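Here is the structure we will look at.
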Amino acid sequence: MTAVRSAFVCVAGLLLLSCVAQAYDLKQVHKLHQDLFSDYNMHMVPSSQTIVKFRMNIKHFDMIEETQALMVDSWIVNEWVDPRLKWNPEEYGRVYKISVPHTMLWKPDLDVYNNANVGKPISYGNTLLIVFHDGRVLFVPPVRLHFTCVMDLTFWPHDTHNCTLTIGSWIHDGITIDPQLMHDKPELDINELQTADGKNLTRGMWNLLDANITRNVRVYDCCPEPYIDIKVSMLVARNAPAYDWTVKLPAVGLCILTLVVFLLPPAAGEKVIFGGLSLILDVMFIAYTNMEISNAPTHIPLIVEMVCEQLMLVVASIVVASLTLRMARDPYTKGLHNVIKRPLIVLSYALCLHNYKNIVGFTRWEVSRAHQPYARTFKSDELELGENGTTHLYGGPEVTTSPGLDWLLLSAVVDRVCLIVYVAIFTINMLSFSAVL
């Protein structure tokens, strides 16, 4: 029992001594504050030449595409020496450093030259400064910087941008305030979440490929003194996998969709309907991309150029489909001249149009054998090519008309040639625009 009482008395004594020492330290700190800031002028530069060390720690960044500005959340590390803030720690109870609100001390008037929010200075909030006994001042405010960055969306959605943040003293020359770099690259401390499959999830859709800090000295015509600024260059690239599904695949799909217009039989009225549907889809895609990139009026992304070219090809395919449909369905009293028909028959072999060629040959043999008394037979609007190589009229008996089938062969050849031309253009476009696909 006596031992427990003695231990309790010792603990109580230590707590009492700690409270007394803390109260003594607070008195010493209070006295130090009074001595340091009794006649301190925060508007005066500490010395004729103040060296300000600079370092940057990037926490998060994002591109504001509407205003073409880069937003960076960072810690700006500034360190300088103020001779007016030196003291002897032995005279103040071994107090080696104190914390002071930034509104009480002089600090360098560093500002963003290419500020995207003109008229809004950098906000430091309630950040405190740390003052050391040798006069060193450490200021590490968390700030959000907005600076302009001209975007080049040529390779959207795989665009890369080189943005530069310029920071310097607003009124003092390089002799009065001399910014010096602690490191030539900013530190990166971006929060990432790694999923079970190894993917990294971030708050934004941009990746930082490279970043560096440089110190630049300029001399203006108005003033002989050098002016120093610090440039933080950041190379950022868009990382948005969702665009693979919402932009790139639909763009390729629209190009492939137009092939169906030429694959349908030349007498099928669905060719024009399908071409019109493809045209509407292309216009809708262009409207969607225009909303996404409306902030880039000086240049056009390659993928938009590709779809616009595809739009013109769809218009051309509708025109061709209308012409071939007219040739295949109109009634004719005369067939094609042999000068035209013979090359068509030769082309039909090369274009894999054997069924159409057989129809023309079979029909002429049937017509000459039957000695039909009439010169022409009108074709129905539903003339189609059957599986067995004969021509059928839906809703009626098999009808053959040699002049009309000559024109059907011509429309099939034109349709197949246009298909080959479109496939060639499609292949060239896929290779030309492969950088954005």
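The values are calculated or read from the model by the stated rules, or taken from the named source; none is laboratory data. Everything quoted here is computed from the prediction, not taken from an experiment. Positions of Cβ are generated from backbone atoms using ideal geometry, with glycine treated the same way; all protein chains shown enter the neighbour counts. Ligands, DNA and RNA are excluded from the accessible area calculation, which covers all protein heavy atoms including side chains. Shrake-Rupley method; radii C 1.70, N 1.55, O 1.52, S 1.80 Å.
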(message) I need the full set of residues from the stretch 147-189 which are open to solvent by 30 Å² or more (accessible area, probe 1.4 Å), charged (D, E, K, R) and closer than 30 Å to residue 302 by Cα, in order please.
(response) 152
(message) Give me the residue from the stretch 72-91 that is open to solvent by 20 Å² or more (accessible area, probe 1.4 Å) and in contact (Cβ under 8 Å) with a residue 60 or more places away in the chain and, out of that set, farthest from the chain's Cα centre (by Cα).
(response) 79
(request) Being farther than 27 Å from residue 136 by Cα and either touching a Lys or Arg at 6+ places or on another chain (Cβ under 7 Å) or open to solvent by 70 Å² or more (accessible area, probe 1.4 Å) (or both) is the filter here, so list the residues in the stretch 114-123 that pass it. (result) 118, 119, 120
(request) Kindly check whether there is at least one residue in the stretch 280-290 that is touching a residue at least 40 places away in the same chain (Cβ under 8 Å) and of a type in the set (S, T, N, Q). (result) yes
(request) Give me a count of the residues in the stretch 98-138 that are in a strand (DSSP E or B) and either among the hydroxyl-bearing types (Ser, Thr, Tyr) or touching a Ser or Thr at 6+ places or on another chain (Cβ under 9 Å) (or both). (result) 10
(message) Which pairs turn up if I take residues in the stretch 330-349 that are within 16 Å of residue 415 (Cβ to Cβ) and open to solvent by less than 40 Å² (accessible area, probe 1.4 Å) and look for partners that are of a type in the set (Lys, Arg) and modelled with pLDDT under 70 with beta carbon separation below 9 Å, at least 6 apart in sequence or on another chain?
(response) 344/357; 348/357
(request) Looking for whichever is open to solvent by 30 Å² or more (accessible area, probe 1.4 Å) and either under 17 Å from residue 312 (Cβ atoms) or polar (S, T, N, Q) (or both) here; the options are 258, 214. Which one fits? (result) 214
